[in-house]
Amino acid sequence: MNIELFFIPLTEMDVASTNACMALLSEDERAKVARYRAPKAQMNGLLVRAALRCVLSQGLPSRGGASAYYPQRQIAPQDWCFEYGAKGKPSLSHGQFLSTGIEFNLSHSGDWLLIALAQDDDTGETANTAQPRLGLGVDIERSRASTHIYPILNHYFSPIEAEGLLALEGEDAQRQRFFDLWALKESYIKATGLGLAQSLKSFAFDLAPKSLLMLDDGALQTVETLNWVELKQRDNFVSTSQAMSCSYLQLPSRIPLYSNIRLLIEPESAQNVTSSYAQHWQSYFGRLDEEYRFGLSLVFGDSLVQDERLAKVAISMQLTSITALLAACSAI
């Protein structure tokens, strides 16, 4: 199971780049972008959709080319076709999934867009069977001082999450834990495909009391062992006209991923948390900096095969830009 995370800053674009992005979208997508009233929301809606199409066309070759089950097939950005689940989760059309094996999910908050691509070579032989597909969900969250976290905590967090958060010393630590948990919970309900139809209080992430509290020289201070993943920078990431003081140019070269996370499923009574853990899932957590953090969740079907797939997960990360993606797409 190969997963690649693309971190893309949502910056203002010049007219030529804006037009190039618009040309990649379907008529339906252009109509959706036009419905946004605020100029910033329109721009972000355009960039998110264009970036996804470009990433889908360019993301897989970085893993080494074709697999045994999915021969390399380069699809132009404007040719990707999407369908939506019962709760609105987007995915590739059935035909394009069968030919590429790609699952994707995306999230944006503030100045950042996060796109996740996944391909599992082991599912190629059974792509035409009823075997459940991978549930992939990501969420990126910006910590906001203006958010009143405590009323939200009471309505959307499980008792074990609320208790652990309130046990932390100081509002700053509690606020950081709030957004840490929110990123994880959002990624999980997106992975299941249920979205907000699944109560956020119906499950809980049980984090170690002293974990994920602060950054020190780019590294999370935690009592648990972390996996470090290199953040690769796409060639021609920035143009010479972009200011080198931009925050997204100062990200650490390696991002710590926290994966020793326990998931608890609530019984029908929301006041009692069962000790049984959800099966066939894996969640990861990381921070770009003190302001932005992200969650990644994988949910598999109920079989031993799926557990074996979880054991083979390989995650890579890439920092890129809309400008670099458009430049690469021009050759397709």
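The values are calculated or read from the model by the stated rules, or taken from the named source; none is laboratory data. Since this is a predicted model, take the numbers as computed values, not measurements. Positions of Cβ are generated from backbone atoms using ideal geometry, with glycine treated the same way; all protein chains shown enter the neighbour counts. Note: areas computed on protein heavy atoms with side chains; ligands, DNA, RNA excluded. Shrake-Rupley method; radii C 1.70, N 1.55, O 1.52, S 1.80 Å.
Does at least one position in region 29-36 carry a residue that is open to solvent by less than 20 Å² (accessible area, probe 1.4 Å) and more than 18 Å from residue 109 (Cβ to Cβ)?
Looking only at region 29-36, we keep the residues that are open to solvent by less than 20 Å² (accessible area, probe 1.4 Å), and these are 29, 33.
Narrowing the set further to residues that are more than 18 Å from residue 109 (Cβ to Cβ) leaves 29, 33.
Yes, some residue in region 29-36 is open to solvent by less than 20 Å² (accessible area, probe 1.4 Å) and more than 18 Å from residue 109 (Cβ to Cβ).
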Original post:
Is it the case that region 3-20 has a residue that's among the small types (Gly, Ala, Ser), surrounded by fewer than 14 Cβ atoms within 10 Å (Cβ to Cβ), under 21 Å from the mean Cα position of the chain (by Cα) and at negative phi?
Top reply: no
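Across region 1-19, which residue is nearest to residue 233 (Cα to Cα) among those that are part of a helix (DSSP H, G or I) and of a type in the set (Val, Ile, Thr)? Give the derivation first.
Filtering region 1-19 down to residues part of a helix (DSSP H, G or I) leaves 15-19.
Cutting the leftovers down to of a type in the set (Val, Ile, Thr) gives us 15, 18.
Working: 15: 25, 18: 23 Å.
Per the stated criteria, the residue is 18.
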**OP:** Could you please tell me which pairs satisfy a Cβ distance under 9 Å, a separation of 6+ or placement on different chains, a first residue in region 281-298 that is over 14 Å from residue 4 (Cα atoms) and among the aliphatic types (A, V, I, L, M), and a second residue that is modelled with pLDDT under 90 and surrounded by 24 or more Cβ atoms within 10 Å (Cβ to Cβ)?
**Re:** 288/255
Original post:
Can you name the residue in region 314-332 that is within 27 Å of residue 193 (Cα to Cα) and open to solvent by 30 Å² or more (accessible area, probe 1.4 Å) and is also modelled with the lowest pLDDT among such residues?
Top reply: 314
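Taking region 243-272 on its own, how many of its residues are open to solvent by 50 Å² or more (accessible area, probe 1.4 Å) and either at pLDDT below 80 or part of a loop (DSSP other than H, G, I, E, B) (or both)? Spell out the reasoning first.
Here is the first cut: in region 243-272, the residues open to solvent by 50 Å² or more (accessible area, probe 1.4 Å) are 243-245, 247, 250, 253-254, 260, 262, 265, 267-269, 271-272.
Remaining after also requiring either at pLDDT below 80 or part of a loop (DSSP other than H, G, I, E, B) (or both): 243-245, 247, 250, 253, 260, 265, 267-269, 271-272.
Here the count works out to 13.
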Subject >> Criterion (modelled with pLDDT of 85 or more and on the phi > 0 side of the Ramachandran plot) met by exactly one of 164, 170 >> reply: 170
**OP:** Those residues that are part of a loop (DSSP other than H, G, I, E, B) and under 15 Å from residue 325 (Cα atoms), I need them from region 20-60; list them, please.
**Re:** 25, 59
Subject >> Odd one out for residue 191, checked against (1) touching a Lys or Arg at 6+ places or on another chain (Cβ under 8 Å); (2) in a helix (DSSP H, G or I); (3) farther than 21 Å from residue 290 by Cα; (4) of a type in the set (Gly, Ala, Ser) >> reply: (1)
**OP:** Kindly establish whether residue 107 is modelled with pLDDT of 95 or more and buried (at least 16 other Cβ atoms within 10 Å of the Cβ).
**Re:** yes
**OP:** Select from region 177-197 the residues that are modelled with pLDDT under 90, over 18 Å from residue 280 (Cα atoms) and open to solvent by 30 Å² or more (accessible area, probe 1.4 Å) and write down the one among them that is farthest from the chain's Cα centre (by Cα).
**Re:** 197
Original post:
Going through region 159-195 one residue at a time, which ones are in contact with a helix residue (DSSP H, G or I) (Cβ under 9 Å, 6 or more places away or on another chain) and of a type in the set (S, T, N, Q)?
Top reply: 174
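Only one of these is touching a helix residue (DSSP H, G or I) at 6+ places or on another chain (Cβ under 6 Å) and free of Cβ contacts under 8 Å to residues at least 40 places away in the same chain: 30, 49, 35. Name it. First the steps, then the outcome.
Values: 30 fails: touching a helix residue (DSSP H, G or I) at 6+ places or on another chain (Cβ under 6 Å); 35 fails: touching a helix residue (DSSP H, G or I) at 6+ places or on another chain (Cβ under 6 Å).
On inspection, the qualifying residue turns out to be 49.
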